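Visitor: Here it is, the structure, as structure tokens.
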Amino acid sequence: MRDPEPRVIRLADYRPPNWLIETVDLDVRLDPSATRVVARLRIRPNPAGEDRASLVLDGDELGLVDLALDGEKLGANSYAATPSSLTLHDPPRRPFDLTIETALDPSANTKLMGLYRSSGTYCTQCEAEGFRRITYFLDRPDALSVYRTRIEAERDEAPVLLSNGNPVEAGPIPGTGRHYAVWHDPFPKPSYLFALVGGKLAAVEDRFVTASGRAVKLAIYVEPGREGRCAYALDSLKRAMRWDERAYGREYDLDVFNIVAVSDFNMGAMENKGLNVFNDKYILASPETATDGDYAGIEAVIAHEYFHNWTGDRITCRDWFQLCLKEGLTVFRDQEFSADERSRPVKRIADVRVLKSNQFTEDAGPLAHPVRPETYHEINNFYTATVYQKGAEVVRMLKTLLGERGFRAGMDLYFTRCDGKAATVEDFLGCFADANGVDLTQFKLWYSQAGTPELALKGSFEPQAARYRLEVRQMVPPTPGQSAKRPMLIPFGFGLLGKDGRDLPLRPVDAGKISDGILRISAAEETFVFEGVRERPIPSFNRGFSAPVKLVSNLGEDDLIFIAGHDGDPFNRFDAASTLAMRHLVASTAALRARKAPPSPDALVSALARSFDDDRLDPAFVAQVIAVPGESDIAHEIGSDVDPAAVLAARIALKRTLGEKLAAHCRKNYARFASRAPYAPDAASAGRRALRNACLDLLVATGAPAEIALARRQFDEADNMTDRIAALATLAAQAVPEREQAFEAFEKRFRGDPLVMDKWFALQAQIAEPETLARVRALMRHPAFSLANPNRVRALIGSFAAGNPSQFNRPDGQGYAFVADIALELDPKNPQVAARLLSFFKSWSALEPVRRAAAEAALKRAAAAELSADSRDIVGRALA
Ligand SMILES: [Zn+2]
């Protein structure tokens, strides 16, 4: 169905539902192409709603088979049914039962929303608006109901039948090959948290005893034969359950917790109450098939979905504008879990890298929106870096401002006050304000103002007065729909380093604006003065990346080198080195475009050499320090008139120089961290591999035959995927025969494993050479590739569009045309995945004129086509 006109939904228009659905009794008879769903809804008027309202239930591509009210078939003129809605013109003004029968074709459901079949398994995805593709319903997050679900299927086809809540009964249906199972979820929930699974699945089981002594049965369901790859996911789940008890006092609340891994899935995973459904990429891992990054991702996503049980399920969102309430908060919780399980500084650095690459670029382009948007056309397009990652930063700032105890007091109040409710950002902030007796009015701007705030910092030392003055100006840039901004409340980690590298005591003249090394910046222009400063200090700004802001400071190269070598805050040591690298890359890009010689990177080289030489540093940390910023990050830093070819050339030149000048350090560390022990995915082992592979990457960047041979040897001899794929990635950047030989060998070895083949597709799609577009087209014909599978599309087409800036942004426009063509082809089948591809055009307006015109032409061509609501929304905003 295509809407004639795009609908606009506004936060300001929110009204409570006119009707409440107390209970939902579902009877689902599964069949590959003719599934029948009978929904018996106990409905009553909502006292908070309008009087005399008709009852309008949402639908999407639905076919009504039967309709009865209190058991009586309804007359044709008392209701109107279309594929997208069911209206009862004059429903009773008392509680009544409405029984709706719908017919579904799960095999034909290529949108992967609602009920669909994935490799023979029936499964559902209902967030945000998929339940309305199963039955007519009040498909909105503030309509909470208690669900009882009966599922029936051919026993041979679907021996496992799962739904939310606890199992009630199950058994054969005599005289048929069919069987059934009944599930009951006692916790009222919105329809987006409904889930159902049926299939031939194998279970890996375990049990967990909660802090209060209740035993919970845990199970992960996978395609038979893959049971051996679930151990890490299961272990992560148990650690996450224990952590949430310890960190937040939150226990699990049902008798069972089930996870199902499916191979066709639009998202990462889904937190359906008691029955999480996962993209199998975030479950399956073995040393031979998964990298350290995959293991860390599994741990984080398992924890994230589990943590939603309280922040999302028990307390849900009133409406989709409040999406950050569950997502930002839960990302923050999973980040903290990983930080506790691994290295906290390294986790912070990794999270900030992702934030800057994804969210800062989104915030700077036409798709920028506030953490809590105020309008949307299509909610599927708001599962964004801003809602998730900036949303998490906002919660982190709240914790920084209130302190550990104050934050926990606010969370405790939130869990008691809002349990069982559909809450808003106001409800959430109200708990922190009440628990701490503080006013969070200015802080709330973080939810409503889009754009990355910029801080201009000017520090000056007054030796006679023994004072240090810090002048701060803040500016929030204009974003679509928001031209004028108000000053934000910014918690700003700050310190002054003495000559010996140690922190000088901070003695602020105005003590009210600073505590525990955190300045509270709240005005457009402000000056902070510190007394008793007897030597010229070096300031350390935004320690721990305490606020998601951009800095412009008068720190010189020497200051940055000093910070990189001495700051007590590990994040800022990393950040100083990264700033040196970025300054060099921006200057070098400009020089290359002007056909001048690039500047010398000597300052950076000596800073990196010092990190290498400091044996006290965690190898994982050093690996982050020596990693050269990515092309998209450099482009974002340049900001406008970007030439991606010049950016690429500057980056290649810097890596080559670093590989040459730091060769001895790299060889030494490569040898030092070689391991004969069997692979283990723990953070310390992963950190040693990360540093070793970062060294290999710089060595191979020199293009020297001996280094290429070293990479080839590592590729051949590796006993784990981390080392094998790292070697292949370094070779992929070199146009040498070893590269093609390694790709061939990899394909031969892993062609039967789709998740591993995704890595193979992704690496080839990211080769920064003009021939890559033809290579990607050819790979689309590979038997392991399928446009119908979202993981394959992301691996090949997504990696090309998002991970290969110089080739996606080819000056001839063919990269844009290709991605737009694929999006248009996919759009009728899976609009969500198509819209995601189109969102990779998010930075087009920052390009130099030739590419900008080509990108605009591709977007306009897409805009002229017949598009889904999802894709039309993205294209419309990108062009606005
Ligand atoms: Zn989530």
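Visitor: How big is the dipole moment of region 688-770 about its Cα centre under a simple scheme where the beta carbon of each Lys and Arg is +1, that of each Asp and Glu is -1, and everything else is neutral? Debye, nearest 20, please.
Guide: Magnitude of the dipole: close to 200 debye.
Visitor: Grab the other residues whose beta carbon is less than 11 angstrom from that of Ala733, score K and R as +1, D and E as -1, and report the net.
Guide: Result for the local shell: +2.
Visitor: Treating only the Cβ atoms of Lys and Arg (+1) and Asp and Glu (-1) as charged, compute the dipole magnitude of region 381-462 about its Cα centre; round to the nearest 20 debye.
Guide: 140 debye
Visitor: Further, regarding this structure: Leaving ligands, DNA and RNA out of it, report the carbon-plus-sulfur percent of the accessible area of the chain at a 1.4 Å probe.
Guide: The computed percentage sits at 51.
Visitor: Enter the mean projected area of the convex hull around the alpha-carbon atoms of the chain, in nm², rounded to one decimal.
Guide: Across all orientations, the chain yields a mean hull projection of 36.8 nm².
Visitor: Over region 36-118, with the other protein chains present, what is the accessible area per residue in square angstrom, probe 1.4 angstrom?
Guide: 47 Å²
Visitor: Enumerate the residues in region 482-502 having an amide nitrogen under 15 Å from the point lying 7 Å beyond the Cα of Asp439 toward its Cβ.
Guide: Under 15 Å, as judged by backbone N against the label point of Asp439, lie 489 of region 482-502.
Visitor: Oh, and also: Residues of region 470-601: accessible area per residue at 1.4 Å, in Å²?
Guide: Ligands and nucleic acids excluded, the figure is 46 Å² per residue.
Visitor: Multiply the residue gap between Arg36 and Val209 by 0.36 nm, knock off their C-alpha separation, and tell me the result in nm, one decimal place.
Guide: Length difference between fully extended and current span is 58.5 nm.
Visitor: Let me ask something else. Going by average Cβ neighbours within 10 Å, how do the peptides 475-487, 236-248 rank, with the highest at the top?
Guide: Per-residue Cβ counts within 10 Å, averaged per peptide and sorted highest first, yield 236-248, 475-487.
Visitor: So what are the ³J(HN,Hα) numbers for region 791-806, from phi and the Karplus equation (6.51, -1.76, 1.60; θ = phi - 60°), rounded to whole Hz, Gly and Pro as x?
Guide: With coefficients 6.51, -1.76 and 1.60, one gets 5, 5, 4, 4, 5, 8, 6, x, 5, 5, 6, 9, x, 9, x, 6 Hz.
Visitor: Next up: Please give the charge dipole size of region 172-289, origin at the Cα centre, charges +1 on K and R Cβ atoms and -1 on D and E Cβ atoms. Round to the nearest 20 debye.
Guide: 140 debye
Visitor: Once the other residues with Cβ under 15 Å from the Cβ of Thr210 are scored (Lys, Arg +1; Asp, Glu -1), what is the net sum?
Guide: The answer is +3.
Visitor: Would you work out which of His89, Ile725, Pro598 lies farthest towards the positive end of the dipole of the chain, given +1 charges on the beta-carbon of Lys and Arg and -1 on that of Asp and Glu, about the Cα centre?
Guide: Farthest towards the positive pole: Pro598.
Visitor: Turning to a different aspect of this structure: List the cysteines in the chain whose Cβ has no other cysteine Cβ under 4.7 Å from it.
Guide: Singleton cysteines: Cys123, Cys126, Cys230, Cys317, Cys324, Cys418, Cys431.
Visitor: While we're here: FRET efficiency for Ala524 and Ala339, Cβ-Cβ distance as r, R0 = 56 Å, nearest 0.05?
Guide: It comes out at approximately 0.95.
Visitor: Continuing with this model, one more query. Quick check: pseudo-label points 7 Å beyond the Cα along Cα→Cβ at Arg595 and Arg7, how many nm apart are they?
Guide: 5.8 nm
Visitor: Run the simple label-point estimate for Leu551 and Glu50 please: 7 Å along Cα→C-beta, distance reported in nm.
Guide: 5.3 nm
Visitor: Give me the number: length gained by fully extending Asp97 to Ala511, i.e. 0.36 nm times residue separation minus the C-alpha to C-alpha distance, one decimal in nm.
Guide: 142.7 nm
Visitor: Quick one: accessible area per residue over region 732-801, 1.4 Å probe, rounded to a whole number of Å²?
Guide: Spelled out: the 1.4 Å probe surface of region 732-801, per residue, equals 42 Å².
Visitor: Treat each spin label as a single point 7 Å out from the Cα along the C-beta direction, and report the Asp613 to Arg473 distance in nm.
Guide: Rounded to a tenth, the inter-label distance reads 4.0 nm.
Visitor: Okay, moving on. What's the extension gain from Ser640 to Thr87 if we count 0.36 nm per residue and subtract their Cα-Cα distance?
Guide: Gain in length upon complete extension: 194.0 nm.
Visitor: Cα to Cα, under 17 Å, and not fewer than 8 places away if on the same chain: which aspartates and glutamates meet these conditions relative to Lys748?
Guide: Glu288, Asp716, Glu717, Asp719, Glu738, Glu740, Asp758
Visitor: Sticking with this one: What shape does region 324-393 have by the C-alpha gyration tensor, where a ≥ b ≥ c are the square roots of the eigenvalues, rounded means a/c under 1.5, and otherwise prolate means a/b greater than b/c and oblate the rest?
Guide: Oblate, since a/c reaches 1.5 and b/c is not below a/b.
Visitor: Does anyone have the angle between helix 705-717 and the longest principal axis of the chain? Alpha-carbon axes, 0 to 90°, nearest 10?
Guide: 30 degrees
Visitor: For region 543-615 and region 27-78, what is the separation of their C-alpha centers, rounded to whole Å?
Guide: One Cα centre to the other: 62 Å.
Visitor: Glu205 accessible area, nearest 10 Å², 1.4 Å probe?
Guide: Roll a 1.4 Å probe over it and Glu205 shows about 110 Å².
Visitor: With every atom except the alpha carbons ignored, what do you get for Rg and Dmax of region 776-859, in angstroms?
Guide: Answer for region 776-859, Rg first and Dmax second: 12.4, 39 Å.
Visitor: Against the longest alpha carbon principal axis of the chain, how many degrees, from 0 to 90 and to the nearest 10, is the axis of helix 425-436 turned?
Guide: Tilt of helix 425-436: around 60 degrees.
Visitor: I'd like the FRET efficiency for Val65 and Glu771, computed as 1/(1 + (r/R0)^6) with the beta carbon distance as r and R0 of 41 Å, rounded to 0.05.
Guide: Result of the calculation: an efficiency of 0.15.
Visitor: If I histogram all Cα-Cα distances within region 655-763 using bins 5 Å wide from 0, what percent of pairs lands in each bin?
Guide: Per 5 Å bin, starting at zero, the Cα-Cα P(r) for region 655-763 comes out as 2, 12, 23, 23, 19, 14, 5, 1, 0 percent.
Visitor: Can you list, bin by bin at 5 Å, the percent of alpha carbon pairs in region 27-167, starting at 0?
Guide: Per 5 Å bin, starting at 0, the Cα pair percentages come out as 2, 9, 18, 23, 20, 14, 8, 4, 2, 0, 0.
Visitor: Select from region 740-779 those trypsin sites (Lys or Arg not before Pro) which occupy a DSSP coil region and have at most 14 other Cβ atoms within 10 Å, ordered by residue number.
Guide: Answer by residue number: Arg751.
Visitor: Something else about it: Calculate one ³J(HN,Hα) per residue across region 52-63 by plugging θ = phi - 60° into the Karplus curve 6.51 cos²θ - 1.76 cosθ + 1.60, and present them in order as whole Hz with x for glycine and proline.
Guide: Once rounded to whole Hz, the list reads 6, 6, 6, 9, 10, 9, 7, x, 8, 6, 9, x.
Visitor: Can you give me the convex hull volume of the Cα atoms of region 120-185, divided per residue and expressed in Å³?
Guide: Convex hull volume per residue, Cα atoms: 98 Å³.
Visitor: What FRET efficiency comes out for Ser107 versus Ala663 if R0 is 60 angstrom and r is the Cβ-Cβ distance? Round to the nearest 0.05.
Guide: Plugging the Cβ-Cβ distance into 1/(1 + (r/R0)^6) gives 0.55.
Visitor: Taking the Cα atoms only, what angle lies between the long axis of helix 721-732 and the longest principal axis of the chain, rounded to 10 degrees?
Guide: Result, in degrees: 60.
Visitor: Follow-up. So if the hydrodynamic radius of region 347-427 is defined as the Kirkwood radius over C-alpha pairs, what does Stokes-Einstein give as its diffusion coefficient at 10 °C and 1.306 mPa s, in µm² per second?
Guide: 110 µm²/s
Visitor: While we're looking at this one, here's another question. Can you give the local net charge around Gly568? Use residues other than it whose beta-carbon is closer than 11 angstrom to its beta-carbon, Lys and Arg +1, Asp and Glu -1.
Guide: 0
Visitor: Would you list, by chain and number, the aspartates and glutamates whose Cα falls below 14 Å from the Cα of Lys499, excluding same-chain residues fewer than 8 positions away?
Guide: Straight-line reach from Lys499, under 14 Å: Glu535, Asp558, Asp559, Asp567.
Visitor: Which ³J(HN,Hα) values in Hz, rounded to whole numbers, follow from the phi angles of region 225-239 under the Karplus curve 6.51 cos²θ - 1.76 cosθ + 1.60, where θ = phi - 60° and Gly and Pro get x?
Guide: Each residue of region 225-239 in turn: x, 9, 4, x, 10, 9, 4, 5, 4, 5, 5, 4, 4, 5, 5 Hz.
Visitor: Of the options Gln442, Gln464, Pro453, report the single residue whose Cα projects farthest towards the positive end of the charge dipole of region 421-525 (beta-carbon charges: Lys, Arg +1; Asp, Glu -1).
Guide: Selected residue: Gln464.
Visitor: What whole-number distance in Å separates the alpha-carbon centres of region 781-805 and region 391-445?
Guide: Cα centroid to Cα centroid, the span is 40 Å.
Visitor: So how far, in whole Å, is the C-alpha centre of region 184-263 from the one of region 700-725?
Guide: 39 Å
The values are calculated or read from the model by the stated rules, or taken from the named source; none is laboratory data. The shown structure was predicted, so the numbers you read here are calculated from the model rather than taken from an experiment. Glycine also receives a Cβ, built like all others from the backbone with ideal geometry; neighbour counts cover every protein chain displayed. The accessibility values were calculated without ligands, DNA or RNA, using every heavy atom of the protein model including side chains. Shrake-Rupley method; radii C 1.70, N 1.55, O 1.52, S 1.80 Å.
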